[in-house]
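Shown next, in structure tokens, is the structure this report addresses.
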């Protein structure tokens with residue numbers, strides 16, 4: 001989701017490190033397959049590398065982080081997550097979609113079973129202790145890592161929708177999305193020499209698969225793509241690397257038992273890439289679940 005003329009070609013950071021079928025119905029909201037690692041576990045090496053080179057990354061054009069581009073990214077993700085371009089309508093969305101991650105809710109599918117929902121509500125409660133979700137924190141801690149609703153039913157879904165009317169909770173969702181998903185994905189994409197489209201592809205994969213190091217997590221997918229093709233930062237051709245990354249993302253989706261639709265790859269991201277739209281310039285026309293979307 002995106003654009004700056006400078007992002008029409010690969011941007012390479014001069015660093016010395018070498019970086020080692022389709023279902024027909026869309027979900028209402030979709031959660032990451034694997035959430036943030038629990039506190040105390042090792043961070044992926046790639047995340048550490050991006051942090052080490054934060055100063056170099058900050059000198060690059062904003063790309064997907066530019067306000068207009070970030071808005072487009074949010075709309076593109078919402079088309080796949082909720083079949084809408086109105087991503088702000090999803091703050092109060094919540095349901096169990098049967099994918100083994102418990103309740104899925106909010107603008108990028110925070111899940112009660114993948115730790116990100118817990119982080120969101122703990123942070124929000126720290127600033128606003130009397131919020132409607134605060135009484136559910138003990139239950140959320142107990143079900144973290146499972147698909148259980150124990151201690152959450154009844155009342156949690158109503159409390160989420162009530163909290164979503166609070167601008168502070170909406171801001172907390174934005175901030176948690178940025179901290180756990182958007183910023184790490186965009187920063188690492190820049191470190192890999194990727195332009196705006198590549199930054200979006202990383203971000204969408206981070207949202208969909210979660211920041212896991214296993215084969216179906218974001219970092220695992222990136223590792224597999226890097227075995228198949230060199231990144232632009234390694235001297236590879238950007239389009240070839242992104243093709244490899246999308247191949248691996250598609251494999252991860254198809255390996256699932258549920259929610260195996262790959263149209264967000266096949267008729268959206270792959271379309272932009274085949275058109276050579278590495279800057280994600282408008283107009284953008286794509287399909288998800290057979291429905292056509294446009295940003296002009």
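The values are calculated or read from the model by the stated rules, or taken from the named source; none is laboratory data. What you see is a predicted model, and the numbers here were worked out from it, not measured in a lab. Positions of Cβ are generated from backbone atoms using ideal geometry, with glycine treated the same way; all protein chains shown enter the neighbour counts.
Within the set of pairs 6+ apart or on separate chains, which have a first residue in the stretch 233-255 that is on the phi < 0 side of the Ramachandran plot and surrounded by fewer than 17 Cβ atoms within 10 Å (Cβ to Cβ), a second that is in a loop (DSSP other than H, G, I, E, B) and modelled with pLDDT of 95 or more, and C-beta atoms under 6 Å apart?
What qualifies is 240/229.
Evaluate the following for residue 294: is it assigned to a helix (DSSP H, G or I) and at pLDDT 95 or above? Let's see the steps before the verdict.
Numbers: assigned to a helix (DSSP H, G or I): no; at pLDDT 95 or above: yes.
For residue 294, the condition - assigned to a helix (DSSP H, G or I) and at pLDDT 95 or above - is not met.
Which members of the stretch 226-266 meet the condition of being assigned to a loop (DSSP other than H, G, I, E, B) and within 17 Å of the chain's Cα centre (by Cα)? Walk me through it before giving the result.
If we filter the stretch 226-266 for residues that are assigned to a loop (DSSP other than H, G, I, E, B), which is where we start, we get 229-231, 235-237, 255-262.
Selection gives 259, 260, 261, 262.
Can you name the condition, by its number, that residue 265 falls short on among (1) closer than 22 Å to residue 213 by Cβ; (2) surrounded by fewer than 21 Cβ atoms within 10 Å (Cβ to Cβ)?
Against the list (1) closer than 22 Å to residue 213 by Cβ; (2) surrounded by fewer than 21 Cβ atoms within 10 Å (Cβ to Cβ), residue 265 comes up short only on (2).
Scan the stretch 183-195 and report the pairs whose first residue is on the phi > 0 side of the Ramachandran plot and whose second residue is in a helix (DSSP H, G or I), with Cβ atoms within less than 8 Å and a gap of 6+ or a chain change.
193/232; 193/233; 193/234; 193/238
If I go through the stretch 79-92 residue by residue, how many of them are over 23 Å from residue 265 (Cβ atoms) and not in a loop (DSSP other than H, G, I, E, B)?
Here the count works out to 2.
State yes or no: is residue 280 touching a helix residue (DSSP H, G or I) at 6+ places or on another chain (Cβ under 6 Å), part of a helix (DSSP H, G or I), buried (at least 24 other Cβ atoms within 10 Å of the Cβ) and modelled with pLDDT of 95 or more?
Working: touching a helix residue (DSSP H, G or I) at 6+ places or on another chain (Cβ under 6 Å): yes; part of a helix (DSSP H, G or I): no; buried (at least 24 other Cβ atoms within 10 Å of the Cβ): yes; modelled with pLDDT of 95 or more: yes.
Judged against the criteria, residue 280 is not a match.
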